[in-house]
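My questions all concern the structure below.
The values are calculated or read from the model by the stated rules, or taken from the named source; none is laboratory data. On a predicted model such as this, the values are computed, not experimentally measured, just so you know. Cβ sites come from the backbone with ideal geometry, for glycine too, and all protein chains shown count toward neighbours. Note: areas computed on protein heavy atoms with side chains; ligands, DNA, RNA excluded. Shrake-Rupley method; radii C 1.70, N 1.55, O 1.52, S 1.80 Å.
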Amino acid sequence: MTIQLAEMLVAAIAVYAALGTVFALVFVTVGVRRIDPDARGMPLRARAVVFPGAVGLWPLLLVFMIRGERKT
Amino acid sequence: MTRLIRPKPEKDLFIGWAADTPKVDRRFLFAAAVGLVAGGGGAAWALADAQSAPGPGVWDQGLILDVDGYVVADPYPLIRTTAFGGVKTVLLSSMTKCGVRDRLERLDGTFARIRGSLMQRGPHSMLAVVDDGDWLTPTQGAAASAELSNPQVRSLGRATLRGEILDTKCWYGAMRPADGKVHKACASLCIRFGLPPAMFAKAADGEGRALVMTTPDGGFVTPTEVFLAHVADPVEVDGEIVLVGDLPTFRVQPTSIRRV
Amino acid sequence: MAHGYQVVTWTPFKKAYDVVMLIAVGVFMTIFIVGGYMTWPDGETLHPVQLALRALGFTAFTLLHVVLAIGPLSRMSPRFKPLLYNRRHMGVTTFLLAFAHAVLALLWYHGFSEMNVFVSLFASNPNYGSIQGFPFESLGFVALVILFLMAATSHDFWNANLGPGFWKALHMLVYVAYAALVAHVMLGLAQNEKSPLYAYAVGGGAVFLVALHLITGVRECVRDRALGAAAHDGWIDVGSAADIPDGRAVIVVLKGGERVAVFRYDGKVSAVSNVCRHQAGPLGEGCIKDGLVTCPWHGFQYRPDDGRSPPPFTERIPTYNVKVDNGVVFIDPVANPAGTPVEPAVVAGAAA
């Protein structure tokens, strides 16, 4: 891998992670209720546990949030 | 085709959230726990014990020395000094993976005092200069000044060496071990940012010598991407071994490096 | 279960499990570091940072072997099943050790220069076209990303919200991570070291895990073929009710591979999907506890007559229509929607 290519890859990962962090903050505070009714009143620590996963999988959760509550 | 499975009925089914673990499970799990800890410990010992020798390089960052001598910027920043008994060439580096050529140029070819901490591995020495402003002060020439400013240059003949290209700083003592593929990225960074590359060829006793690499006319080897790609790989290089004062160097055509 | 998410729903067993695991990790790392110092004379030992790097890497990789062995071992013998119960804590510990290893490697080997550490990680060794010279660091990065996603989604919240299918698929990536790590060690440290022990240890570990998975796979195939059931007017003959131990089930494998757990309890028979909503555990290998179908993996529970978890829990599994004719149990192979109440069939004579 050339340095230019590596720089592009690292920039892409950084953008993904930055967007993920912003999304995850919104998700664990308000968004989580939209997709999972059980998450209402979830303690702060449990929200913190959910946070890293939301950073990693944010595009998927964004789709879930737009679609609304999950059907069991 | 429809099939039927009859699970074996177990007397006490383990249910994780239950307060009690069935007795038979408790005994088995205790044995498994002991086995895990003992087996892991044994494996850890075997893995630790089989490690190759990391080499004898040392770097005491806490011991700051003032070294007087003759300062040279080319091909690589160095100071020739009698501070350690006899005439000795000590290469110079920064505290990080960067050379000090740019910071040295104003005093190139003069007598000076340099402050830093010493890395040593056998006869090889390097001084990592301190980061603050007063690391370099001009001085008067010492008694052995001619020998310091005009070292004898002596050819030991042409040779084809098989080994690896590594960076002098890590190998002299900044890291242990400082060779091979695991260290490749680090060696390549060091050389890219100006630390002298060296050709390391192992002698029969295992502890080889690292010869500072220069161009055929004794100049600085430009760290091109092609050159850096060969760092830490097993390579074969043709060149001339030249002793500059007490410093063994290897004059090579960088394009002649072959991966083996 | 899903109601009221907590960070960890602690039980005495989980606490004991974690204590043993942390002791094992501590003993492994301590012995490795002490052993590493004792192998070479003073001043010629590995640099402390590099020794710590190796200690973390070895511990994480060894623990991953344990994690991967638990699955097939618990299929081989039910005695290992309790180890499955809190496996996620072992997985998260593996990730944390690997993460510490990665951070240290990034700082030590790729830091202290003018180049971005991540750019150096991917580009400092450009030999991507070579097998022997391949940059093992990139392989470690891929494995770490997978271990991160698994650790980050190990909470039941993710299991519920990603759906068991997607969750399971995501977590099956552990085998990709494992393969990447085998290559990471083989093309990295094992290549640097003179002793062949490292290559043998990695190879031996891989052979052990592959053999364990193959043996359990073959055994399950053989076992699945052991008994046949005949169709009867669209209903499936599951055999005599008396052959189902009380409080237990038989598992019926339907034509499409769908599995149904048929439970006998209190003189009644009920049929539900064999797949637990939690982590797809085999409900038919579980039992009836306090009148509820209880999963053998993590203890999730469902009412046998409607496939619903008791309040306040909200999980639902499909149910199947069931009848008993002359002591022989029949099920309708068409599943009812999850949570549909079905009248349990009464086993004649059992009421008395």
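If I stretch the segment between B:Glu240 and B:Asp74 completely, what's the gain in nm (0.36 nm per residue apart, minus their alpha carbon distance), one decimal?
Details: separation 166, 0.36 × 166 = 59.76 nm, distance 1.82 nm.
Using 0.36 nm per residue and subtracting the Cα-Cα distance, I get 57.9 nm.
Let me ask another. I'd like the distance between the alpha-carbon centres of the range B:116-168 and the range C:266-342, rounded to an integer number of Å.
79
Carbon and sulfur together cover what percent of the accessible area of the range C:3-224 at a 1.4 Å probe radius?
Using a 1.4 Å probe with all protein chains present, the range C:3-224 comes out at 75 percent carbon and sulfur.
How compact is chain B by the rule of thumb for globular proteins, expressed as Cα Rg over 2.2 N^0.38 Å?
Numbers: Rg = 27.6 Å, N = 260, 2.2 N^0.38 = 18.2 Å.
My calculation over the Cα atoms of chain B gives 1.51.
If each residue of separation counts as 0.36 nm, what is the full-extension length gain between C:Phe166 and C:Glu114 once their alpha-carbon separation is subtracted?
Residue separation times 0.36 nm, minus the Cα-Cα distance, leaves 14.6 nm.
Placing unit charges on C-beta atoms (Lys and Arg positive, Asp and Glu negative, everything else neutral), compute the dipole magnitude of the protein assembly as shown about its Cα centre in debye, rounded to 20.
With Lys and Arg at +1 and Asp and Glu at -1, about 1620 debye.
Then there is this: Determine the shielding of peptide C:78-84 by partner chains: average, over its residues, the number of Cβ atoms on other chains within 10 angstrom of each Cβ.
6
Hey, what did the range C:231-346 get for relative contact order, percent, Cα under 8 Å, at least 6 apart?
Numbers: 285 pairs, mean separation 29.7, N = 116.
Over the range C:231-346, the number comes to 26 percent.
If you line up the Cα atoms of the range A:13-67 on their principal axes, what length do they span on each, largest first, in Å?
32, 26, 13
Residues in the range C:156-180, backbone N under 19 Å from the label point at C:Lys289 (7 Å along the Cα-to-beta-carbon vector): list them, ranges by number please.
What the label zone holds, given the 19 Å backbone N cut-off, is C:156.
Once both axes come from the Cα atoms, what is the angle between helix B:23-49 and the longest principal axis of chain B, in degrees from 0 to 90, rounded to 10?
Approximately 20 degrees, to the nearest ten.
Here's another thing I want to ask about it. So for chain C, taking the charge dipole from beta-carbon charges (+1 Lys/Arg, -1 Asp/Glu), which of C:Ser74, C:Gly36, C:Val182 sits furthest toward the positive end?
The Cα lying farthest towards the positive end belongs to C:Ser74.
Can you compute the radius of gyration and Dmax for the range C:3-224, using only the Cα atoms, both in Å?
19.0, 61
If I take R0 = 41 Å and measure r between the Cβ atoms of B:Thr215 and C:Asp42 in this structure, what FRET efficiency does the formula 1/(1 + (r/R0)^6) give, to the nearest 0.05? Let's see the in-between values first.
Details: r = 40 Å, r/R0 = 0.97.
Using R0 = 41 Å, I get an efficiency of 0.55.
Report the relative contact order of chain B, percent, no decimals, based on alpha-carbon pairs under 8 angstrom and at least 6 residues apart.
17
May I have the extent of the alpha carbons of the protein assembly as shown along their three principal axes, as whole Å values ordered from largest to smallest?
116, 51, 42
Then there's this: Per-residue ellipticity at 222 nm for chain B, helices alone: DSSP H runs ≥ 4 residues times -39500 (n - 2.57), over residue total, nearest 500 deg cm²/dmol?
Working: 5 runs with 51 residues, N = 260.
Result for chain B: -6000 deg cm²/dmol, rounded to the nearest 500.
Something else about it: Compute the long axis of helix C:48-76 from its Cα atoms, compare it with the longest principal axis of the Cα atoms of chain C, and write down the angle in degrees, 0 to 90, nearest 10.
20
If you don't mind, there's one more thing I want to ask. Report the relative contact order of the range C:3-224, percent, no decimals, based on alpha-carbon pairs under 8 angstrom and at least 6 residues apart. Provide the component values of the computation, followed by the final result.
Numbers: 162 pairs, mean separation 41.8, N = 222.
Result for the range C:3-224 is 19 percent.
Same structure, new question: Per-residue ellipticity at 222 nm for chain C, helices alone: DSSP H runs ≥ 4 residues times -39500 (n - 2.57), over residue total, nearest 500 deg cm²/dmol? Write out the running numbers ahead of the final one.
Details: 11 runs with 172 residues, N = 352.
My calculation for chain C gives -16000 deg cm²/dmol from helical runs alone.
How high is the FRET efficiency between C:Arg219 and B:Leu156 when r is their beta carbon distance and R₀ equals 56 Å, given to the nearest 0.05?
0.25
Chymotrypsin sites (Phe, Trp or Tyr not before Pro) within the range C:1-58: which are DSSP loop residues with at most 13 other Cβ atoms inside 10 Å? Walk me through the intermediate numbers first.
Values: sites: C:Tyr5, C:Trp10, C:Phe13, C:Tyr17, C:Phe28, C:Phe32, C:Tyr37, C:Phe58; in loops: C:Tyr5, C:Trp10.
Taking the range C:1-58 and a limit of 13 other Cβ atoms within 10 Å, the loop chymotrypsin sites (Phe, Trp or Tyr not before Pro) found are C:Trp10.
Chain A: which trypsin sites (Lys or Arg not before Pro) are DSSP loop and have at most 16 other beta-carbon atoms within 10 angstrom?
Answer in residue order: A:Arg40, A:Arg70, A:Lys71.
Quick one: dipole size for the range C:3-224, taken about the Cα centre, charges +1 on Lys/Arg Cβ and -1 on Asp/Glu Cβ, in debye to the nearest 20. Before the final figure, lay out the partial values.
Working: 12 positive and 9 negative charges, 183 e Å.
Around 880 debye, computed over the range C:3-224.
Continuing with this model, one more query. Please work out the average accessible area per residue across chain C, using the 1.4 Å probe convention, and give it in Å².
Numbers: 14590 Å² over 352 residues.
The answer is 41 Å² per residue.
How far is helix C:174-187 tilted off the main Cα axis of chain C, in degrees rounded to 10, range 0 to 90?
The angle comes out at about 20 degrees.
How big is the C/B interface in buried accessible area, both sides summed, 1.4 Å probe, to the nearest 100 Å²?
7000
Considering only protein heavy atoms and a 1.4 Å probe, what is the carbon-and-sulfur percentage of the accessible area of chain B?
55
While we're looking at this one, here's another question. So how far, in whole Å, is the C-alpha centre of chain A from the one of the range C:1-74?
29
Among C:Leu106, C:Gly257, C:Val7, pick out the residue whose Cα is farthest towards the positive end of the charge dipole of the protein assembly as shown, where Lys and Arg carry +1 and Asp and Glu carry -1 on C-beta, about the Cα centre.
The residue sitting farthest along the positive end of the dipole is C:Gly257.
Can you pull the percent of the range C:227-352's accessible area that's carbon plus sulfur, 1.4 Å probe, other chains left in place?
51
Assuming a viscosity of 0.890 mPa s and a temperature of 25 °C, what translational diffusion coefficient in µm² per second does Stokes-Einstein assign to the range C:231-346, Rh being the Kirkwood radius over Cα pairs?
Values: Rh = 13.6 Å.
In µm²/s, the coefficient rounds to 180.
For peptide C:151-159, compute the average count of partner chain beta-carbon atoms within 10 Å of each residue's beta-carbon. Each step should come with its number before you reach the end.
Details: counts 3, 9, 6, 2, 5, 2, 11, 5, 0.
Rounded to a whole number, the mean comes out at 5.
Give me the dipole magnitude in Debye, nearest 20, for the range A:13-67 about the Cα centre, with unit charges on the beta carbon: positive for Lys and Arg, negative for Asp and Glu.
140
Does a label point 7 Å from the Cα of B:Glu225, set along Cα-to-beta-carbon, have any residues of the range C:129-148 with amide nitrogen under 20 Å, and which are they?
Those under the cut-off are C:129-131, C:133-138.
Take peptide C:277-289, look around each residue's Cβ out to 10 angstrom, count Cβ atoms belonging to other protein chains, and average those counts.
Mean number of neighbouring Cβ atoms from other chains: 2.
Between C:Glu258 and C:Ala211, what is the label-point separation in nm under the 7 Å Cα-to-beta-carbon projection?
4.0
How far apart, in nm, are two points set 7 Å out from the Cα along the Cα-to-Cβ line at A:Arg45 and at C:Asp243?
Label-label distance for A:Arg45 and C:Asp243, simple model: 5.0 nm.
Also: Once you measure Cβ to Cβ distances between cysteines in chain C, which Cys have no partner under 4.7 Å?
By the Cβ distance rule, which asks for a partner under 4.7 Å, the isolated cysteines are C:Cys221, C:Cys287.
Let me ask something else about it. Give, as ranges by residue number, the residues of the range B:101-143 whose backbone N falls under 12 Å from the point 7 Å along Cα→Cβ of B:Ile64.
Zone members listed by number: B:115-117, B:129-136.
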